[in-house]
Amino acid sequence: MSAAKRDYHEDDIRAGLVGSVMGNDPVKANELQKIAVEESRLGIPLIIGFDVIHGLRGVFPIAIAEAGSFDDDLMERTARMAAEESRAYGISWNFAPMLDVARDARWGRVSEGPGEDPYLASRFARAKIRGLQGRTDSAETYVAACVKHFVAYSTCEGGRDYNTTSMSVSQLYNVYLPPFKAAVEEGAATAMASFMASFNDLNGVPCTVNAWTLRDILKGAYGMEGFVVSDANGIRECVSHGIAANERDAGVQAAKAGLDMDMGTHIFRDHLKKAIEDGLLPVEVVDEAVRRILTVKTWLGLFERPYTPEETIRAYAEALPESHAALCREAAEKSIVLLKNEGNILPIKRDAKVSLVGSLAGNAGEVVGAWSMGWEKKDCVSILDGLRNAGATVRYYPCGGPEGELNEDEIQSACNDGDVIVAVVGELISMSGEASSKADITLPGKQRELLERLTASGKPVVTVLMNGRPLALGWEAERLPVLLEAWHLGIQMGNAVASVIFGDVNPSGKLTSSFPFVTGQEPTYYNHPNTGRPAGKSKFTSKYLDAPAKALYPFGYGLSYTTFAYENLRVTDTGDSLDIAVTVRNTGSREGTEVAQFYIRDVTASLVRPVKELKGYRRVALSPGEAREVRLTLSKRNLGFYDNRGEYVLEDGLFRVYAGGDSENVLEQELDVRF
Ligand code: GLC
């Protein structure tokens with residue numbers, strides 16, 4: 001596969017040497033397709049791929065945010081929109097979903113995935129596969145997913161991108177493989193899928209040449225019927241890894257290990273034929289790779305319909321469909337997380353005079369987040385635009401941002417003018433995503449100073465966070481009255497933030513990744529083992545001398561403009577399942593949607609198990625005073641875990657069941673479970 005976005009190798013396509021390209025230009029795609037279909041010897045159409053991670057033109061929230069909606073139907077609908085837009089731009093293959101469970105926010109790509117929990121990541125996986133691949137009734141409404149990065153890339157040591165990874169077999173099977181297994185199961189139900197091997201070496205073997213992960217697990221145990229592509233230049237990098245003596249050796253190892261397509265280099269093209277002739281590589285290995293790739297191209301309908309209709313190209317060139325903008329707005333609104341609202345400063349009155357502060361607030365291009373490459377600025381709504389669209393009386397003072405100096409005069413004016421200050425702080429898009437690891441995940445630049453100055457004004461300060469990763473917010477949480485986590489919400493960010501700030505929308509999002517007080521706590525995650533000395537009062541327990549042991553804001557956490565209470569947790573063992581029920585009550589004065597969460601703990605097992613594991617969730621909308629019973633039927637089969645042989649085991653014993661509005665504030669029931 002040629003990775004060049006600029007030079008499409010027309011001659012190589014004509015010569016039948018390139019079977020797939022990257023790009024999002026539908027006119028160019030038709031031109032290249034015409035060469036492949038009408039001028040090459042075999043006329044095999046190209047498969048055209050692109051990084052459509054969270055939307056193409058209709059960019060919706062980055063995954064770490066969207067998964068926080070805990071709304072599977074929404075996550076499926078946004079993927080379906082991405083598939084439809086992709087086909088309109090000549091793309092039949094999305095390098096998505098990214099399913100890397102991530103626990104270390106120093107890693108910039110934590111922004112691209114669905115957070116720290118394997119269960120939520122698995123439901124996210126299923127929703128995305130259904131959305132991308134499920135609607136095959138028309139050639140223009142589905143694409144092949146490319147599930148990535150296989151596998152455990154997110155555990156790069158120190159959160160440093162591309163760094164080495166190593167873990168036990170049970171850790172790999174219990175935490176990092178589940179979303180990929182879910183994707184294969186969902187893909188098998190709807191259609192083909194492809195996978196992307198990850199850059200990292202896992203327990204000493206780079207995933208590009210790892211027969212254990214690619215052949216034994218993915219294609220063998222999981223039965224994945226699509227093909228596996230390397231990540232960009234991944235094959236060549238096996239020489240740097242020190243696992244291959246040269247490029248030919250890397251290519252042969254990769255093919256033998258189960259890699260079917262070479263992204264970004266010409267190694268497969270330049271070396272495999274000779275390797276077969278020299279007896280280094282059985283031709284059957286290449287036949288199998290070709291079969292897998294052609295099967296996906298056939299399933300995509302590329303042989304019958306290789307071109308994007310002109311009228312489809314024209315329609316999108318004119319404008320983004322209204323329905324797509326509306327869906328991006330819905331996703332944005334549901335992904336916002338209210339972290340703190342002291343004194344109920346939010347929502348603010350529509351007629352309040354607002355001093356909007358921070359260079360991020362007026363920069364429409366910064367709303368889309370990492371890995372957005374098909375958007376158009378005219379579709380993007382900045383927070384300033386959003387407040388104006390909502391009819392706010394707003395004056396804008398950039399004052400400063402993630403980089404550069406503060407503007408003292410603007411700060412002074414902002415503090416003098418407004419009744420309320422809305423400060424937008426966070427990260428530039430370039431500060432998260434690939435190759436964006438950070439050793440310090442506090443607010444970059446002089447934004448903390450800016451907040452200090454604004455707070456000193458005595459005016460109410462609403463702090464809106466616009467970031468791609470969990471930030472170390474210990475200082476902010478102590479001093480600021482309001483913290484609204486708005487992530488990078490996509491093209492409709494400004495309207496969504498305005499809706500929440502003025503109370504048209506009651507925030508319902510929850511955190512998919514824990515936020516630390518300080519960077520040094522990373523990796524921080526809720527589903528950790530207890531250890532023999534869990535953090536406690538005694539010095540001699542698992543904690544820090546200079547920082548809290550627990551997260552500042554835990555997984556599953558998020559406030560509302562109303563309040564919810566959990567009552568009457570009941571767990572009934574029905575033989576093959578646990579019937580779990582809890583009553584959720586809206587104890588506040590306005591309607592709201594709560595994400596009721598269900599966790600378990602296997603208290604004693606043959607391997608230490610996490611103190612909590614998410615096993616179910618449900619969004620429930622409640623009017624003021626309304627109470628509703630939320631039920632979960634949990635198959636006992638889901639109470640097991642993988643041992644260090646990769647075997648799934650169910651062990652009798654004591655379990656705890658939890659229910660609540662986040663991973664810490666929960667009701668608890670204990671019961672003895674027999675399988
Ligand atoms: C990048 C990323 C991968 C992406 C690919 C193609 O290096 O690791 O996620 O899909 O190259 O752009």
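Where the accessible area of the range 321-521 is counted over protein heavy atoms with a 1.4 Å probe, how much of it, in %, is carbon and sulfur?
Numbers: 3050 of 6450 Å².
Result for the range 321-521: 47 percent of the exposed heavy-atom area is carbon or sulfur.
Cut-off under 17 Å on the C-alpha distance; same-chain residues fewer than 8 positions from residue 148 excluded. Which lysines are left, in chain and number order?
Excluding near neighbours in sequence, the set is 128, 181, 219.
Using a simple charge model, +1 on the beta-carbon of Lys and Arg, -1 on the beta-carbon of Asp and Glu, nothing else, what dipole does the range 274-371 show about its Cα centre, in debye to the nearest 20?
Values: 12 positive and 15 negative charges, 120 e Å.
Once rounded to the nearest 20, the dipole reads 580 debye.
In whole Å, what are the Cα extents of the range 400-499 along the three principal axes, biggest one first?
Reported extents, whole Å, longest axis first: 40, 30, 25.
Counting only helical runs of four or more DSSP H residues, what would the 222 nm mean residue ellipticity of the chain come to if each run contributes -39,500 (n - 2.57) and the total is spread over all its residues? Mind showing how you got there, number by number?
Working: 17 runs with 177 residues, N = 675.
The per-residue figure over the chain is -8000 deg cm²/dmol.
Taking the alpha-carbon distance from residue 550 and a cut-off under 19 Å, which aspartates and glutamates remain once sequence neighbours fewer than 8 residues away in the same chain are dropped?
104, 116, 117, 440, 476, 478, 522, 613, 662, 664
Before I look further, what does the range 564-673 give for accessible area per residue, probe 1.4 Å, in whole square angstrom? Working shown, then result.
Values: 4690 Å² over 110 residues.
Value for the range 564-673: 43 Å² per residue.
Report, in cubic angstrom per residue, the convex hull volume of the C-alpha atoms of the range 625-675.
Given the Cα convex hull of the range 625-675, per-residue volume reads 115 Å³.
Taking the Cα centre of the range 564-673 as the origin, how large is its charge dipole in debye, to the nearest 20, when only Lys and Arg (+1) and Asp and Glu (-1) carry charge on their Cβ atoms?
On the way: 15 positive and 19 negative charges, 70 e Å.
Roughly 340 debye, rounded to the nearest 20.
With the convex hull built on the Cα atoms of the chain, state its orientation-averaged projected area in nm². Walk me through the numbers on the way to the answer.
Numbers: hull surface 120.1 nm².
Projected over every direction and averaged, the Cα hull of the chain covers 30.0 nm².
What does the charge dipole of the chain about its Cα centre add up to, to the nearest 20 debye, if the Cβ of each Lys and Arg holds +1 and the Cβ of each Asp and Glu holds -1? Working shown, then result.
Values: 73 positive and 92 negative charges, 205 e Å.
So the dipole magnitude of the chain works out to roughly 980 debye.
Using alpha-carbon positions, what is the distance between the centroids of the range 251-292 and the range 322-383, in Å?
Result: 47 Å between the Cα centres.
Let me have the relative contact order for the range 321-521, percent, based on Cα pairs under 8 Å that are six or more residues apart.
On the way: 434 pairs, mean separation 70.5, N = 201.
In percent, rounded to a whole number, it is 35.
Per-residue counts of other Cβ atoms within 10 Å, averaged by peptide: what ranking do you get for 65-72, 531-538, highest first? Don't skip to the end; give the middle numbers.
Details: 65-72: 27.1, 531-538: 10.2.
The most tightly packed comes first, giving 65-72, 531-538.
I need the fraction of alpha carbon pairs in the range 175-230 separated by more than 19 Å, rounded to a whole percent.
Values: 341 of 1540 pairs.
Cα-Cα pairs of the range 175-230 separated by over 19 Å account for 22 percent.
Accessible area per residue, 1.4 Å probe, Å², for the range 363-478: what's the number? Please list the in-between numbers first.
Working: 4270 Å² over 116 residues.
On a per-residue basis, 37 Å².
Give me the distance between the Cα centres of the range 443-479 and the range 502-573, rounded to whole Å.
After rounding, the separation between the Cα centres reads 21 Å.
Give the peptides 630-636, 179-185 in descending order of average Cβ contacts within 10 Å, highest first. Before the final figure, lay out the partial values.
Details: 630-636: 15.9, 179-185: 23.4.
With the highest mean Cβ count within 10 Å placed first, the list reads 179-185, 630-636.
Given 63, 474, 164, which one lies farthest toward the positive end of the charge dipole of the chain, if we put +1 on the Cβ of every Lys and Arg and -1 on the Cβ of every Asp and Glu?
Towards the positive end, the residue furthest out is 474.
Return the lysines within reach of residue 273: Cα separation strictly under 18 angstrom, same-chain partners fewer than 8 residues apart disregarded; answer none if there are no such residues.
Within the straight-line limit of under 18 Å, residue 273 reaches these lysines: 256.
If you take the beta carbon distance between residue 627 and residue 350 as r and set R0 to 35 Å, what does 1/(1 + (r/R0)^6) give as a FRET efficiency, to the nearest 0.05? If you can, show how the numbers build up before the last one.
Numbers: r = 31 Å, r/R0 = 0.89.
Calculated transfer efficiency: 0.65.
Compute the angle between helix 178-190 and the longest alpha-carbon principal axis of the chain, please, reported from 0 to 90 degrees and rounded to the nearest 10.
60 degrees
Calculate the FRET efficiency for residue 674 and residue 323 from the Cβ-Cβ distance with a Förster distance of 60 Å, rounded to the nearest 0.05.
Values: r = 51 Å, r/R0 = 0.85.
Once rounded, the FRET efficiency stands at 0.75.
Put +1 on the Cβ of each Lys and Arg and -1 on the Cβ of each Asp and Glu in the chain; which of 283, 520, 187 then has its Cα farthest toward the positive end of the dipole?
Value: 520.
Say each of residue 203 and residue 504 gets a label point 7 Å from the Cα, pointing the same way as Cα to Cβ; how far apart are those two points in nm?
Label-label distance for residue 203 and residue 504, simple model: 5.3 nm.
Just grab the label-to-label distance for residue 545 and residue 164, each label 7 Å out from Cα along the Cβ direction, in nm (one decimal).
My value for the distance between the label points is 2.9 nm.
Ignoring everything but the protein chains, give the 1.4 Å probe accessible area of residue 50 in square angstrom, nearest 10.
Number for this one is 10 Å².
Below 8 Å, C-alpha to C-alpha, sequence gap of six or more: please give me the relative contact order for the range 564-673 in percent. Display every interim value, and only then the final one.
On the way: 249 pairs, mean separation 34.2, N = 110.
Reported relative contact order: 31 percent.
Cα extents of the range 589-636 along the three principal axes, largest first, in whole Å?
The Cα atoms of the range 589-636 stretch 47, 19, 13 Å along their principal axes.
As an exercise, use a Förster radius of 25 Å and the Cβ-Cβ distance of residue 246 and residue 39 to find the FRET efficiency, rounded to the nearest 0.05. Walk me through the numbers on the way to the answer.
On the way: r = 33 Å, r/R0 = 1.34.
Taking R0 as 25 Å, the efficiency between residue 246 and residue 39 is 0.15.
With a 1.4 Å probe and all protein chains left in place, how much of the accessible area of the range 564-673 comes from carbon and sulfur atoms, in whole percent?
Values: 2020 of 4690 Å².
Result for the range 564-673: 43 percent of the exposed heavy-atom area is carbon or sulfur.
Put +1 on the Cβ of every Lys and Arg and -1 on every Asp and Glu Cβ in the chain; which of 657, 316, 54 then has its Cα farthest towards the positive end of the dipole?
Towards the positive end, the residue furthest out is 657.
The values are calculated or read from the model by the stated rules, or taken from the named source; none is laboratory data. These figures come from a predicted structure and were not determined experimentally. We place every Cβ from the backbone using ideal geometry, glycine too, and count neighbours over all the protein chains shown. Surface accessibility is based on the protein's heavy atoms, side chains included, excluding ligands, DNA and RNA. Shrake-Rupley method; radii C 1.70, N 1.55, O 1.52, S 1.80 Å.
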